[in-house]
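What follows is a single structure, written as structure tokens, with notes after it.
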Amino acid sequence: MTTETDLLPCPFCGSADAPRLENTHTASFWVSCSEEYGGCGAQASGQFFPGPSRLTRFCYDPEAPEGSTFYARTLGELHPEYRRSAKSAIAAWNRRANVAQQQGGRADGFAANRQKGE
Ligand SMILES: [Zn+2]
């Protein structure tokens with residue numbers, strides 16, 4: 001399934017599952033190759049977009065309970081400046097993964113994943 005939050009595999013360790021979109025309480029998002037999900041800890045930061053102080057729906061979590069006022073389950077539920085930051089982080093991560101791919105892959109795992117699909 002292709003979604004707006006699709007993240008390319010990590011260009012360093014090749015993991016397709018570990019890259020996660022993360023943020024705190026500010027309109028600043030980053031993608032992390034989460035060690036919690038077996039990743040290597042690599043990160044790509046998005047841009048910060050200023051906005052008013054927000055108390056609701058500033059975190060993105062597709063698995064949050066429905067009706068949560070704290071988490072947005074889709075990027076569309078985020079406040080605009082948070083959504084822009086989230087998209088910039090996704091773009092930064094995928095841009096780097098694409099560059100690594102074009103250069104033949106920096107990591108063995110990434111190259112191996114590509115070969116499987118060929
Ligand atoms: Zn990684």
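The values are calculated or read from the model by the stated rules, or taken from the named source; none is laboratory data. No experiment lies behind these values; they were computed from the predicted model shown. Here the Cβ is made from the backbone with ideal geometry for all residues, glycine too, and neighbour counts use every protein chain on show.
The rows are residues; the columns are (1) crowded, with 18+ Cβ neighbours inside 10 Å; (2) modelled with pLDDT under 95; (3) over 16 Å from Pro19 (Cβ atoms).
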{"site": "Thr56", "(1), (2), (3)": "no, yes, yes"}
{"site": "Arg83", "(1), (2), (3)": "yes, no, yes"}
{"site": "Ala86", "(1), (2), (3)": "yes, no, no"}
{"site": "Trp93", "(1), (2), (3)": "yes, no, no"}
{"site": "Asn98", "(1), (2), (3)": "no, yes, no"}
{"site": "Lys116", "(1), (2), (3)": "no, yes, yes"}
- Message: List pairs: first residue in the range 87-106 and among the aliphatic types (A, V, I, L, M), second residue in a helix (DSSP H, G or I) and surrounded by fewer than 20 Cβ atoms within 10 Å (Cβ to Cβ) anywhere in the structure, Cβ distance under 9 angstrom, at least six positions apart or on different chains.
- Response: Ile90/Leu75
- Query: Looking at the range 84-101, is at least one residue part of a loop (DSSP other than H, G, I, E, B) and within 16 Å of the ligand (Cβ to nearest atom)?
  - Reply: no
- Query: Which ranges mark the strands (runs of 3 or more DSSP E) fully within the range 1-77 that have 3 or more residues being within 16 Å of the ligand (Cβ to nearest atom), under 12 Å from the mean Cα position of the chain (by Cα) and of a type outside the set (Gly, Ala, Ser)?
  - Reply: 19-23, 28-33
- Task: Name the residue, out of Glu35, Glu63, that is free of Cβ contacts under 8 Å to residues at least 60 places away in the same chain and in contact with a Lys or Arg (Cβ under 9 Å, 6 or more places away or on another chain).
- Result: Glu63
